[in-house]
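Peer 1: One structure, as structure tokens, below. Some questions next.
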Amino acid sequence: QVQLVESGGGLVQPGGSLTLSCAASGIIFGFNVMGWYRQAPGNERELVAALFSGGVTKYLPSVEGRFTISRENAENTVYLQMNNLKPEDTAVYYCNLRQQGSDYWGQGTQVTVSS
């Protein structure tokens, strides 16, 4: 079994920064993809950033240049550094691990950008 535990969400003013963390435990294979999705009320869940085990990254166009995904392999932890946050970034952010054809999800953490 795989468990993902997220932390780091909260309330921030526009232009501010937050860092989300996601610690994975259980059986983690060497080849996988870890990423962050988000879902705002009334919207579908969308991919924000993904990090492939080879180091390739993928970003939602609206966050490119503002968000950075990184990973600490020894700790099986993935981070999402979010800078210059905008009100439209407000959503529940979910950590995702994809391996061996299966998807695993964290419980979600709320990010609210508001003055």
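The values are calculated or read from the model by the stated rules, or taken from the named source; none is laboratory data. These figures come from a predicted structure and were not determined experimentally. Cβ: placed from backbone, ideal geometry, glycine included. Neighbour counts: every protein chain shown. Surface accessibility is based on the protein's heavy atoms, side chains included, excluding ligands, DNA and RNA. Shrake-Rupley method; radii C 1.70, N 1.55, O 1.52, S 1.80 Å.
Peer 1: Hey, in the GNM for the chain with a 10 angstrom Cα cutoff, which one of S17, S70, S62 fluctuates hardest?
Peer 2: In the Gaussian network model the winner is S62.
Peer 1: Counting only the heavy atoms of the protein chains, how much of Y93 is accessible to a 1.4 Å probe, in Å² to the nearest 10?
Peer 2: Looks like 0 Å² after rounding.
Peer 1: Going by Cα centres, the stretch 75-96 and the stretch 1-28 are how many Å apart?
Peer 2: Result: 7 Å between the Cα centres.
Peer 1: Please state the charge dipole magnitude for the stretch 1-70, taken about the Cα centre, from unit charges on C-beta atoms (+1 on K and R, -1 on D and E), reported in debye and rounded to the nearest 20.
Peer 2: It comes to approximately 60 debye.
Peer 1: OK, next. Given a 1.4 Å probe and heavy atoms of the protein chains only, how would you sort T109, T90, T57, largest accessible area at the top?
Peer 2: Reading off the accessible areas and sorting them downward yields T57, T90, T109.
Peer 1: Taking θ as phi - 60°, what are the ³J(HN,Hα) couplings along the stretch 38-45 by the Karplus curve (6.51, -1.76, 1.60), each to the nearest whole Hz, with x for Gly and Pro?
Peer 2: In residue order, the calculated couplings are 9, 9, 9, x, x, 10, 7, 5 Hz.
Peer 1: Quick one: what are the phi-derived ³J(HN,Hα) couplings along the stretch 70-79, Karplus 6.51/-1.76/1.60 with θ = phi - 60°, whole Hz, x for glycine and proline?
Peer 2: 8, 8, 10, 4, 4, 9, 6, 10, 10, 10
Peer 1: Leaving out ligands and nucleic acids, note down the accessible area per residue over the chain with a 1.4 angstrom probe, in whole Å².
Peer 2: Heavy-atom accessible area per residue stands at 53 Å².
Peer 1: Using only protein heavy atoms and a 1.4 Å probe, report how much of V12 is accessible, in Å² to the nearest 10.
Peer 2: 20 Å²
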